[in-house]
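**Student:** Handing you a structure now.
The values are calculated or read from the model by the stated rules, or taken from the named source; none is laboratory data. Worth saying up front: this structure is predicted, and the values here are computed from it rather than measured. With ideal geometry, Cβ positions are generated from the backbone for all residues, glycine too; neighbour counts draw on all protein chains shown.
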Amino acid sequence: MQFLSASNPKRLLSSLLLLLIATVLGLGLGTSPASADSVGEELERGITGNVKLDGEPLGGVRMVVEGGGYNAETVTGADGKWYIGVPGVEGDTYKVTLDQETLPEGIAVTGEGGATKEVVLGKSSPLVANFFIGEGVRVTVSMFDQIVARLIYGLNFGLMLGLAAVGLSLVFGTTGLSNFAHSEMVTFGAIAALVLGTVLQLPMWLAIPAAVLLSGGMGWALDAGLWKPLRKRGLALVQLMIVSIGLSLTARYLFQYFVGGGTEQLPGADSTMVPLFGSVALSMTDLVSMAISIVVIMGFAWWLLKTKTGKATRAISDNPDLAAASGIDVDKVIRTVWIISGALAGLAGVLWAYFRPGIKWDMGAQILLLIFAAVTLGGLGTAFGALLGSIVVGVLVETSSLIIPADLKYVGALVVLIGILLFRPQGLLGKKQRIG
């Protein structure tokens, strides 16, 4: 029996067409993109500076800001100026690095601190980090270390993405619904952890599991109060998909109303860095995030393969009519799937808030395209395919920033989406037709 097998190709094309339309509309209705020398302008705080050689501005110099799991980069403009917005509060520390490989031949950073500076956020913003340029010997990070670091970051990102993608794939496999509101379930988990950890002052080891349980409860409530009644009324899948788009927009702007348009931080987002080897280092939060993702995914795999409900889930995905005729309570299994999908999405939201770091009202929508790309790459309706696709997308997104601007790294997911549809529409683990 195929694990959560792929569905009708017409449904696939309709779902992805609506996704692309929604993406284009989102790009058109959003704010105008930042210029090449400025990123993160929507954040309240930022770091700026000038790069000049003998008083003359240097354009096209790559600048990187890291701290507390946050990573952003840009290049200097023609006037030598640059700006990077950062999340955080007063007292947070960030590392500013000038990539000397982007300087003219024979030129290096001189002066105290060299090509790396540490800055501490104060009451005023933005902070200023200027660099003195002159002749000298460059101290660079080897390409091997950069590639290894990006592979590790990509694996971490892919595991987190996999939690959300598996939940989306479960729902699609059992109900045929392409749930565009899944991104808001990701956001809900992060906001629930924020409320429990900062407003109610619960310790994070208790706030995070509670947020995951609340997310699972949200999945139950959505199915009981919305999706099951609509299924009973016989709505077509396209109509259900449109409802999910409306639900997504409604929930997104409700989040904005209650949490505002700024960026909030979860406690512990500024954890210490742990050196691995060479110049490669991960924060303690990243290491814990990877461990949690692996344990949860292994538990999910055991549930899907070994438990009675997991086997029933696979049977319903393969042939719901035959499963119902065999005595399986289809509605009960679908309700369980919604609960698990919500819980996994909520956990993904918490980990995404630490990886990013920060919580925003539209944080789930920012990775919705990546989630759909991962599900499509692995094979629509295949849970393990969604996990495999997520790891591939995560590694691709992170490693692509070595050769393309960081602002464009998510475009790689759209390229993967288009490529898979053109050459292998059933995905890596999907099949061209149902079996059974």
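**Student:** Inspect segment 263-280 for any residue being of a type outside the set (Gly, Ala, Ser), part of a helix (DSSP H, G or I) and within 20 Å of the chain's Cα centre (by Cα) and give the result as yes or no.
**Tutor:** Looking through segment 263-280, none of the residues is of a type outside the set (Gly, Ala, Ser), part of a helix (DSSP H, G or I) and within 20 Å of the chain's Cα centre (by Cα).
**Student:** For segment 152-169, state whether one or more residues are farther than 30 Å from residue 245 by Cα, modelled with pLDDT under 80 and in a helix (DSSP H, G or I).
**Tutor:** no
**Student:** Report, by residue number, each residue of segment 295-309 that is touching a Gly at 6+ places or on another chain (Cβ under 6 Å) and either buried (at least 19 other Cβ atoms within 10 Å of the Cβ) or closer than 15 Å to residue 173 by Cα (or both).
**Tutor:** Across segment 295-309, the qualifying residue is only 304.
**Student:** Would you mind telling me which numbered condition in (1) within 30 Å of residue 354 (Cα to Cα); (2) modelled with pLDDT of 70 or more residue 125 fails?
**Tutor:** It fails just one condition, (2).
**Student:** I'd like the residue in segment 24-51 that is of a type in the set (Ser, Thr, Tyr) and crowded, with 16+ Cβ neighbours inside 10 Å and, out of all such residues, is modelled with the lowest pLDDT.
**Tutor:** Only one residue fits best here, namely 38.
**Student:** Additional query: Let me confirm something: among 281, 323, 345, 312, which residue is in contact with a strand residue (DSSP E or B) (Cβ under 9 Å, 6 or more places away or on another chain), among the hydrophobic types (A, V, I, L, M, F, W, C) and surrounded by 15 or more Cβ atoms within 10 Å (Cβ to Cβ)?
**Tutor:** The unique qualifying residue is 281.
**Student:** Shifting gears a bit: State which residue is farthest from the chain's Cα centre (by Cα) when the search covers only segment 376-406 and only residues that are closer than 19 Å to residue 348 by Cα and β-branched (Val, Ile, Thr).
**Tutor:** Going through the qualifying residues, I end up with 382.
**Student:** List the pairs whose first member sits in segment 259-276 and is within 15 Å of residue 188 (Cα to Cα), whose second member is small (Gly, Ala, Ser), and whose Cβ atoms are under 7 Å apart, counting only residues at least 6 apart or on separate chains?
**Tutor:** Taking only residues 6 or more apart or on different chains, the pairs are 263/358; 264/358; 265/88; 265/358; 266/193; 266/197; 266/353.
**Student:** Continuing with the same structure: Is it true that some residue in segment 333-340 is more than 23 Å from residue 389 (Cβ to Cβ), in a helix (DSSP H, G or I) and without any contact (Cβ under 8 Å) to a residue 24 or more places away in the chain?
**Tutor:** No, the conditions are met nowhere in segment 333-340.
**Student:** Are any of the residues in segment 216-225 touching a Lys or Arg at 6+ places or on another chain (Cβ under 6 Å) and either part of a helix (DSSP H, G or I) or of a type in the set (A, V, I, L, M) (or both)?
**Tutor:** yes
**Student:** To continue, here is another question. Kindly list the number of the only condition in (1) in contact with a Gly (Cβ under 7 Å, 6 or more places away or on another chain); (2) more than 23 Å from residue 223 (Cα to Cα); (3) in a helix (DSSP H, G or I) that fails for residue 317.
**Tutor:** (2)
To keep it simple, each residue is scored yes or no on (1) more than 15 Å from residue 172 (Cα to Cα); (2) modelled with pLDDT of 90 or more; (3) part of a helix (DSSP H, G or I).
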{"residue": "347", "(1), (2), (3)": "yes, yes, yes"}
{"residue": "374", "(1), (2), (3)": "no, yes, yes"}
{"residue": "387", "(1), (2), (3)": "no, yes, yes"}
{"residue": "392", "(1), (2), (3)": "yes, yes, yes"}
{"residue": "404", "(1), (2), (3)": "yes, no, no"}
{"residue": "427", "(1), (2), (3)": "no, no, no"}
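**Student:** While we're here: Select from segment 201-241 the residues that are of a type in the set (Phe, Trp, Tyr) and either touching a His at 6+ places or on another chain (Cβ under 9 Å) or in contact (Cβ under 8 Å) with a residue 40 or more places away in the chain (or both) and list them in ascending order.
**Tutor:** The answer is 220, 227.
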